[in-house]
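Structure record follows, encoded as C-alpha cells.
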Amino acid sequence: MRMFITGVAGFVGSTLAKRLLAEGHEVVGIDCLSDYYEIEIKRANLESLESPGFTFIEEDLNVADLDHLLEGIDVVFHQAGQPGVRKSWGSDFSIYLSANIEATQKLLEAARKNGGLKRFVYASSSSVYGNAERYPTLEMDRPRPMSPYGVTKLAAEHLCSLYAENFGIPTVSLRYFTVYGPRQRTDMAFTRFVRAAVRGEQITIFGTGEQIRDFTFVDDIVEANVKAALVDSPKGSVFNVAGGSNISVNNVLALLGTISEKPLDVKYIDGVAGDVFRTGGSTDSIEEVLGWKASVPLEEGLRRQYEWARVAFAAPVL
Ligand code: NAD
Ligand code: UGA
C-alpha cells in the first residue's frame, strides 16, 4: 500500500516508517525538521530509512501542497505535531496552535479530496484527560486537559471526528500514553534518564517523583497504528493506546539503577505546570475492536532503551 506519514523524521514517525518499509509498503514522509530538539537526530532517523520505497519531503504541513501529496495515498498516519506538555505555556502556544491544530485541519481538507483514502490515523494523546476522573480511564470519560498542549491535541482530535461525521473521512484517533524506547525525544524523561546514566550525569526530577505514568513502548504504538490502518473500525473512532505499566517515576529510577548497575545521581526540583499526577488508560476498547494489546513490559522496554543509549550517547555530542 502507499502510506503517507507526517512527522516522519520524529521519534514515532520514523519508527513507524521503518516497520512499514520492512513490510514492503511504499512510504511518502513529510517533516519540516522543527528545532524543538536536535535536528541532527532527525536527520539520522531519516538516513536510517533511505531505501527505494521511501520518499522524503522536507516541508511544513501548513505550506505544502497537500492535495497533490495525498493523490494515490491509501493511508495517512498523522504523527507530525509540536509535542511536550511543559513547554506549551506563554508565547510558545502559537507554535502548538499552528503545528497541532491548523496543520491537522489542512491535512483533513486534503483528505476530503482523496476519494480512495482507506484510513486517516491521528496521533492523539493521553494529555487530553488531564488528571482523569478515574483510573483506568475510559475513552468516554470527560477530557479535561491540564496543559495548553493537551488542549491543542484534543482540538485536533475533535477535528478528526467531525470530518469523519460530516464528510465520511475514515479517521481513527489513537491516544498514546507516554511513549518510550529507542529514538525517544531528548526532552522526555527516559531518554534524559538513560543518557545521564550512560554518562554519569545528574538526573533532574520535577516534583516528588511520585507521579505515575502508563508508559508505552514505541513498537506497541507502531503496532497500534498498523492495526488502526488495516482493521475495520467505525469512522471517527478514538482509542487509548497504553502500555499498562502504571509506575511512578521514582520506581522507574530504581529499575534503571538495577539495569545500569550504577548508582544514579538524582536531584529533585519543583514540579512543572502542566504535568499531571497520574495517567492510566483502559485498553479494553482497542483490544476488542482492533485486537491490539501491549506486548512489551516496562522492564524489558527500559532495558532496550538503555542499550540504545549506550551507543547513541557514547560520544558527548547530543
Ligand atoms: P517528534 O517531535 O519526535 O515528532 C514530530 C515530528 O513532527 C517532528 O520531527 C517535527 O519536525 C514534525 N513537525 C512538527 N510540526 C510540523 C509541521 N507543521 N509540518 C511538518 N512536520 C512537522 O514527536 P513524537 O514523540 O514522535 O510524537 C509524534 C506524535 O505523537 C505527536 O503528534 C505527539 O503529539 C504525539 N504523542 C506523542 C507522545 C509521546 O510520548 N512521544 C504521546 C502522546 C502523543
Ligand atoms: C509525554 C509526551 O512528552 C507528550 O508529548 C505526550 O503527549 C504525553 O506523554 C502523553 O502521554 O500524552 P510526559 O508524560 O510528560 O509527556 O512524558 P515524559 O517527558 O516522559 O515525563 C514523564 C514524567 O517524568 C513527567 O511527570 C515529568 O515531569 C517527569 N520528568 C521528565 C522528570 O521528572 N524529569 C525529566 O527530566 C523529564
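The values are calculated or read from the model by the stated rules, or taken from the named source; none is laboratory data. Model, not experiment: these values are computed from the prediction. Here the Cβ positions follow ideal geometry from the backbone for every residue, glycine too, while neighbour counts run over all protein chains shown. Just so you know, the surface numbers come from the protein's heavy atoms only, side chains and all, with ligands and any DNA or RNA stripped out. Shrake-Rupley method; radii C 1.70, N 1.55, O 1.52, S 1.80 Å.
Below is a table of values for the structure above.
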{"quantity": "Size-normalised alpha-carbon gyration radius of region 58-189, reference 2.2 N^0.38 Å", "calculated": "1.07"}
{"quantity": "Accessible area of F167 in the full protein assembly, 1.4 Å probe (Å², nearest 10)", "calculated": "100"}
{"quantity": "Long-range HN-HN contacts of F277 with modeled amide H, under 5 Å", "calculated": "none"}
{"quantity": "DSSP-defined beta bridges in the chain - what % are antiparallel, rounded to 5", "calculated": "5"}
{"quantity": "Residue-normalised accessible area of the chain, given per residue in Å² at a 1.4 Å probe", "calculated": "42"}
{"quantity": "Cα→Cβ-extended label distance, 7 Å offset, between D232 and S48, nm", "calculated": "3.6"}
{"quantity": "Nonlocal amide H pairs with F77, under 5 Å, H built at 1.01 Å", "calculated": "F4, I5, T6, V121"}
{"quantity": "Sequence-distant residues sharing a close amide H with S125 (under 5 Å, placed H)", "calculated": "Y176"}
{"quantity": "Positive-end extreme of charge dipole, region 225-318 - chosen from A242, I286, T258 (charges on Cβ)", "calculated": "T258"}
{"quantity": "Links that overshoot a 32 Å alpha carbon limit, given the list K153/K262; K87/K113; K18/K87; K227/K262", "calculated": "K153/K262; K87/K113; K227/K262"}
{"quantity": "Size of charge dipole - region 167-254 - debye, nearest 20, with Cβ of Lys, Arg +1 and Asp, Glu -1, no other charges", "calculated": "220"}
{"quantity": "Computed magnitude of the charge dipole of the chain (debye, nearest 20; Cβ of K, R +1, Cβ of D, E -1)", "calculated": "460"}
{"quantity": "Aspartates and glutamates whose Cα lies under 18 Å from that of K106, excluding same-chain neighbours fewer than 8 positions away", "calculated": "D31, E58, E59, D60, D65, D67, E71, D74, E157, E165"}
{"quantity": "Cα centre as origin, Lys/Arg/Asp/Glu Cβ charges: region 1-45 dipole, Debye", "calculated": "160"}
{"quantity": "Using alpha carbons only: equivalent-ellipsoid semi-axes of the chain, gyration tensor based, whole Å", "calculated": "30, 22, 18"}
{"quantity": "Gain upon complete extension [H68, E133; 0.36 nm per residue less C-alpha separation]", "calculated": "19.1 nm"}
{"quantity": "Dipole of region 129-217, positive direction: furthest Cα of S173, V194, H158, with charges on the beta-carbon", "calculated": "V194"}
{"quantity": "Cα gyration tensor of region 266-318 - equivalent ellipsoid semi-axes, whole Å, descending", "calculated": "30, 22, 10"}
{"quantity": "Residue-by-residue Karplus 3J(HN,Hα) for region 64-81, coefficients 6.51, -1.76, 1.60, Hz, glycine and proline x", "calculated": "5, 7, 6, 4, 5, 5, 8, 4, x, 7, 8, 9, 9, 10, 8, 9, 5, x"}
{"quantity": "Convex hull volume per residue in cubic angstrom - Cα atoms of region 121-249", "calculated": "116"}
{"quantity": "With every protein chain in place, the chain: carbon and sulfur % of accessible area (1.4 Å)", "calculated": "52"}
{"quantity": "Average Cα contact separation per residue, the chain, under 8 Å, 6 or more apart, as relative contact order %", "calculated": "18"}
{"quantity": "Tilt relative to the chain, helix 298-312 - C-alpha long axis, 0 to 90 degrees, to 10", "calculated": "90"}
